[in-house]
Amino acid sequence: TYIAASRAEQSVMLKSAQVKKDLTTLAEVYYKQMLKAYEKYESAKGTLEFTQEYVRVRTKAFENGFATSIDVVDAQTALSKNRLDILSAAYEFDTALSRLLSLTGEYDKVEQYRTRPGAENIAPTAY
């Protein structure tokens, strides 16, 4: 009766408050994942020019007899790892963004966020 209805209403209100809290927490988690991925991307991108130059220098040194083929391979491996780090960070960012937009009911706006004017395009062509 009235008491049962009151308890049911109170239960629904408590569950509703818990769902709001859980969604807010999840949104914060996805946002922090985006920030972490972006920092990882920027860090890897910052070393890209160095690793490219390292390959160039090691290759030139090898051609002139001042480095071994292993030195060249090591430099190329470092460059490949750097490129993979960039792609991995871009993937992590896109995944977190997609999850956040999905959580907010705006999943159809993923490309709009990725390609908006002024946004940096973190894609495989970035290197």
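The values are calculated or read from the model by the stated rules, or taken from the named source; none is laboratory data. For clarity, every value in this text was computed on a predicted model and none was experimentally measured. All Cβ positions, glycine included, derive from the backbone under ideal geometry; neighbour counts span all protein chains shown. Accessible surface is based on the protein model in full, side chains and every heavy atom, while ligands, DNA and RNA are left aside. Shrake-Rupley method; radii C 1.70, N 1.55, O 1.52, S 1.80 Å.
Quick notes on this structure:
- The accessible-area ordering, largest first, of the residues LYS81, LYS36 stands as LYS36, LYS81, per a 1.4 angstrom probe.
- Above 16 Å, the calculated P(r) of region 61-115 contains 61 percent of its Cα-Cα pairs.
- Average accessible surface for region 70-115: 61 Å² per residue, computed with a 1.4 Å probe over protein heavy atoms with every protein chain in place.
- Column: log10 I(q)/I(0), Debye, Cα scatterers of region 1-43, q = 0.20, 0.25 Å⁻¹: -0.68, -0.80
- Sorting the Cα pairs of region 1-120 by distance into bins of 10 Å, from 0 upward, gives 12, 24, 19, 16, 13, 7, 4, 3, 1, 0 percent per bin.
- Accessible area ranking (1.4 Å probe, heavy atoms, ligands and nucleic acids excluded), largest first, for PHE62, PHE93: PHE62, PHE93.
- Here's the list of lysines a cross-link from LYS15 could span, going by alpha-carbon distance under 28 Å and ignoring same-chain residues fewer than 8 apart: LYS32.
- Between the residues SER102, SER43, SER11, the greatest Cα displacement towards the positive end of the dipole of the chain, with unit charges on the Cβ of Lys, Arg, Asp and Glu, is found for SER11.
- Within the accessible surface of the chain, defined with a 1.4 Å probe on protein heavy atoms only, the carbon and sulfur portion equals 58 percent.
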